[in-house]
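Scroll down for the structure; my scribbles are underneath it.
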Amino acid sequence: MKINESTRSLGAYGALLILFASNYCLACNDRVASGTQEQQKDWWQTAQFYQIYPRSFMDSNGDGIGDLKGITSRLDHLKDIGVTAAWLSPIFKSPMVDFGYDISDFYDIQDEYGTMDDFRELVAEANKKGIKIILDFVPNHSSNESEWFKKSVRRERGYEDYYVWADGKYDAEGNRIPPSNWLQSFRGSAWEWREERQQYYLHQFAVQQADLNYRNPAVVEQMKRILRFWLDQGVAGFRVDAVPVLFEVEPDENGQYPDEGVSGATDDKDDRAYLKNELIENRPETIDMVYQWRQVMDDYQRIHGGDTRVLLIETYAPPAYTMQMYGNRSVEGAHLPFNFNLITGLKPDVTAPLVQQAIDQWLNNMPAGRTANWVIGNHDQRRAASRYGAQNTDAMNMLVMILPGASVTYQGEELGMIDGVISWEDTVDPAACNSNTSIYEKFTRDPSRTPFQWSDGKNAGFSSAAKTWLPLAPEYEILNVEVESSSAYSHLAIYKSLVELRKTSKTLQNGAYKYKALDDGVFVLKRSLAGEETIVFVANLGNAAKTVNLQTDFDTYLPNAMNLKILSADSSKTIGTEINLTRLSLESGEALVLGRR
Ligand code: GLC
């Protein structure tokens, strides 16, 4: 059944292969799908996306904060590591309560990041190098300092219902209380009272991030205008922020909202996880809005020509919901709803069966004909190298590059950057600042937002300032572009070899896949395509050395030996040598990419 589900789109040729594959697959626990030579892929389907957190990428003017000119000055790094498209976390005007995710003017650039001209220059220079620029679209909320919000507070004509406003309720003692028990993402009530308007407004995130009202057609239109405005500036698409929280349940005829049920997940009543969040997340109306935005992208391309403009959607949601983001049989949706399974599914430790399960959960649920993608980190998560263990850094980069579909890298993953250590005094993330000194580390996102590490010099080459906005992460003296560029066995060198392979290998672009957890530690993935080189990735994610037989334990069709193409930094094997697959010894943390025609 699984086989049929993950390969429905393959046509007659594919179906024949499946019949063949299923003969031996049903007897074991492998995951298989076929590939075809002819598939013509659009640019984004095999792309290597790269997330830039502009505040921490490169500071050009010495204020300790990254900026657009800084990014432009470092485009060669992106080129060097083969990036197809870079998506930038928000660069728009913002009071920076949530570091740009609280936008006060969606049509302008934040001063500390530069000017509109700087942005145009960045797009032009990037395009010259064959790199596309994608912006972060934050549709759910605006800053409470935006003109729209101020007008809405004053009930100015056209703006009365721009946000989600509701009257308060009264408790038994006659005290005013919020309209419902809903909680924001950064602790505490999701409702904030506005004396001037004598109503509460909804904020699913910080108090300063007021939720826009998508039941108001003027808001829907305004947000589409924003998309077109930035498309006019030459961007190749958008990463869309916090999509599942776009709509909430409708109020009843008296304007009252129902309470959420208690989840049982935590006793901490200020933590959003305390409630089920069924009324304020994953609503059906949200899916339709994604389809509407896709229409904006497609219409734009039809009118203006050029390459496909993409929509990448941030969704932390159950598969049944996330997969609808792709579209359905009659409507197109997001090109890629981000796949966070390798983040959310590999906790508390990374094991081979969990990796298999995380991959299964995407590929077995993905609708026919859609493109997969693989994400291992972003600015909201702890650093991949810290989460998976530094010894698994190369293995995880290999996995993301060798699985079928698009790969996504968060800045610094190519270097194996690890979490910063941020004291309570240095903490700036609202998710942590809204807690207290004893629990902030559970919530803080600052550790993955520290300055990018260019060299072992002052401020890791990020800035000439006396102090950077966040302190540097440990080990920057070793984990940086300059030092890693001079070694053939650095994380960076391995990353570059992977990119080269992805770009040149038809097998990786169009090939079949098969994968399996051989035990708790060893995970193996094979990609193959008729007439092309077969590629095998094998990693020991466990704590002890292992010896495996890839023929008997995984795939009897594999040859006795394959050539070693890429290996993890700490492997003692030698590139180019033949590796015997029937008796393959792997140290803890060792990962290999093998090839054979
Ligand atoms: C998304 C962003 C996160 C931000 C939130 C509110 O989840 O990735 O950084 O805090 O939305 O905009």
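Within region 213-224, can one find any residue that is under 26 Å from the mean Cα position of the chain (by Cα), within 21 Å of D108 (Cα to Cα) and within 12 Å of the ligand (Cβ to nearest atom)? No, that holds for no residue. Within region 378-393, restricting attention to residues that are over 21 Å from P404 (Cβ atoms) and among the aliphatic types (A, V, I, L, M), the residue that is nearest to the ligand (Cβ to nearest atom) is A385. Only a single criterion out of (1) open to solvent by 60 Å² or more (accessible area, probe 1.4 Å); (2) part of a strand (DSSP E or B) is not satisfied by A210, namely (1). With the condition kept exactly as written, say whether any residue in region 370-377 is under 20 Å from L479 (Cβ atoms) and more than 16 Å from the ligand (Cβ to nearest atom). The answer is no, given that none of the residues of region 370-377 is under 20 Å from L479 (Cβ atoms) and more than 16 Å from the ligand (Cβ to nearest atom). The set of residues in region 487-526 being surrounded by 18 or more Cβ atoms within 10 Å (Cβ to Cβ), out of contact with any Phe, Trp or Tyr (no Cβ under 6 Å at 6 or more places or on another chain), more than 22 Å from A385 (Cβ to Cβ) and not small (G, A, S) consists of T507, L508, Q509, N510, Y513, K514, Y515, L518, K526.
If you take the residues of region 255-303 that are among the β-branched types (V, I, T) and in a loop (DSSP other than H, G, I, E, B), which of them is farthest from the chain's Cα centre (by Cα)? Walk me through it before giving the result.
In the first step, residues of region 255-303 are kept if they are among the β-branched types (V, I, T); the result is 262, 266, 280, 286-287, 290, 296, 303.
Going one step further and asking which of them are in a loop (DSSP other than H, G, I, E, B), we end up with 266, 280.
On the way: T266: 26, I280: 22 Å.
Out of the qualifying residues, it is T266.
Could you grab me the full set of residues in region 70-96 that are within 16 Å of the ligand (Cβ to nearest atom) and in a loop (DSSP other than H, G, I, E, B)? S89, P90, I91, S94, P95, M96 - these are the residues of region 70-96 that are within 16 Å of the ligand (Cβ to nearest atom) and in a loop (DSSP other than H, G, I, E, B).
When the criteria are applied in full, N540 meets the requirement of being surrounded by 15 or more Cβ atoms within 10 Å (Cβ to Cβ), touching a helix residue (DSSP H, G or I) at 6+ places or on another chain (Cβ under 9 Å) and closer than 17 Å to A390 by Cα.
The number of residues in region 416-436 being in contact (Cβ under 8 Å) with a residue 24 or more places away in the chain and part of a loop (DSSP other than H, G, I, E, B) comes to 12. Of all residues in region 402-411, those satisfying the criterion of being within 16 Å of the ligand (Cβ to nearest atom) and not polar (S, T, N, Q) are V408, Y410. Are any of the residues in region 267-287 in contact with a Lys or Arg (Cβ under 6 Å, 6 or more places away or on another chain), open to solvent by 30 Å² or more (accessible area, probe 1.4 Å) and of a type outside the set (K, R)? Yes, that holds for at least one residue. Flag set for T344, criterion: within 16 Å of the ligand (Cβ to nearest atom), open to solvent by 10 Å² or more (accessible area, probe 1.4 Å), closer than 26 Å to A591 by Cα and in contact (Cβ under 8 Å) with a residue 12 or more places away in the chain. Of the candidates G420, G412, the single residue that is crowded, with 20+ Cβ neighbours inside 10 Å and touching a Ser or Thr at 6+ places or on another chain (Cβ under 6 Å) is G420. Residue-level check: of (1) surrounded by fewer than 19 Cβ atoms within 10 Å (Cβ to Cβ); (2) more than 16 Å from the ligand (Cβ to nearest atom); (3) more than 30 Å from K128 (Cβ to Cβ); (4) not hydrophobic (A, V, I, L, M, F, W, C), Y316 misses just (2).
Of the set (1) surrounded by 24 or more Cβ atoms within 10 Å (Cβ to Cβ); (2) within 19 Å of N397 (Cα to Cα); (3) among the aliphatic types (A, V, I, L, M), all apply to L564 but (1). Taking each residue of region 147-168 that is open to solvent by 70 Å² or more (accessible area, probe 1.4 Å) and looking for partners that are modelled with pLDDT of 95 or more and in a strand (DSSP E or B) with beta-carbon atoms closer than 7 Å, six or more apart or interchain, yields D167/Q199. Take the conditions more than 16 Å from the ligand (Cβ to nearest atom) and open to solvent by less than 10 Å² (accessible area, probe 1.4 Å) and apply them to L122. Does it pass? Taking the combined requirement at face value, the residue satisfies it.
Checking the stated criteria, F186 turns out to be surrounded by 22 or more Cβ atoms within 10 Å (Cβ to Cβ), among the hydrophobic types (A, V, I, L, M, F, W, C) and farther than 14 Å from I280 by Cβ. When residues in region 161-190 are screened for being within 16 Å of the ligand (Cβ to nearest atom), more than 27 Å from the chain's Cα centre (by Cα) and assigned to a loop (DSSP other than H, G, I, E, B), 1 of them pass.
For beta carbons closer than 8 Å, sequence separation of 6+ or different chains, a first residue in region 510-521 that is within 18 Å of E533 (Cβ to Cβ) and a second that is among the aliphatic types (A, V, I, L, M) and open to solvent by 20 Å² or more (accessible area, probe 1.4 Å), the qualifying pairs are A512/L17. For residues that are among the small types (G, A, S) and within 20 Å of R449 (Cβ to Cβ), scanning just region 100-116, find the one that is farthest from the ligand (Cβ to nearest atom). If we take residues in region 100-116 being among the small types (G, A, S) and within 20 Å of R449 (Cβ to Cβ), then G114 is farthest from the ligand (Cβ to nearest atom). Residues in region 24-36 include at least one that is surrounded by fewer than 19 Cβ atoms within 10 Å (Cβ to Cβ), at pLDDT below 95, part of a loop (DSSP other than H, G, I, E, B) and β-branched (V, I, T). Any residue at all in region 327-334 that's modelled with pLDDT of 95 or more, open to solvent by 20 Å² or more (accessible area, probe 1.4 Å) and under 19 Å from the mean Cα position of the chain (by Cα)? No - not one qualifying residue is present in region 327-334.
One line per residue, one yes/no per condition, for (1) open to solvent by 30 Å² or more (accessible area, probe 1.4 Å); (2) of a type in the set (S, T, N, Q); (3) more than 15 Å from D98 (Cα to Cα):
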position: P430; (1), (2), (3): no, no, no
position: N434; (1), (2), (3): yes, yes, no
position: S438; (1), (2), (3): yes, yes, yes
position: D446; (1), (2), (3): no, no, no
position: R449; (1), (2), (3): no, no, no
position: Q453; (1), (2), (3): no, yes, yes
position: K458; (1), (2), (3): yes, no, yes
position: A465; (1), (2), (3): no, no, yes
position: W469; (1), (2), (3): yes, no, no
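Scanning region 236-245 turns up no residue that is acidic (D, E), more than 15 Å from the ligand (Cβ to nearest atom) and open to solvent by less than 40 Å² (accessible area, probe 1.4 Å).
Of all residues in region 189-204, which are over 14 Å from N140 (Cβ atoms) and either open to solvent by less than 40 Å² (accessible area, probe 1.4 Å) or touching a Lys or Arg at 6+ places or on another chain (Cβ under 9 Å) (or both)? Steps first, answer last, please.
Step one: of region 189-204, the residues over 14 Å from N140 (Cβ atoms) are 189, 191-200.
The answer is W191, W193, E196, R197, Q199, Y200.
The values are calculated or read from the model by the stated rules, or taken from the named source; none is laboratory data. Keep in mind that what you see is a predicted model, and the values were worked out from it rather than measured. For neighbour counting, all protein chains shown are included, and Cβ atoms are generated from backbone atoms with ideal geometry for every residue, glycine included. Quick note on the areas: whole protein, heavy atoms, side chains included, nothing else; ligands and nucleic acids left out. Shrake-Rupley method; radii C 1.70, N 1.55, O 1.52, S 1.80 Å.
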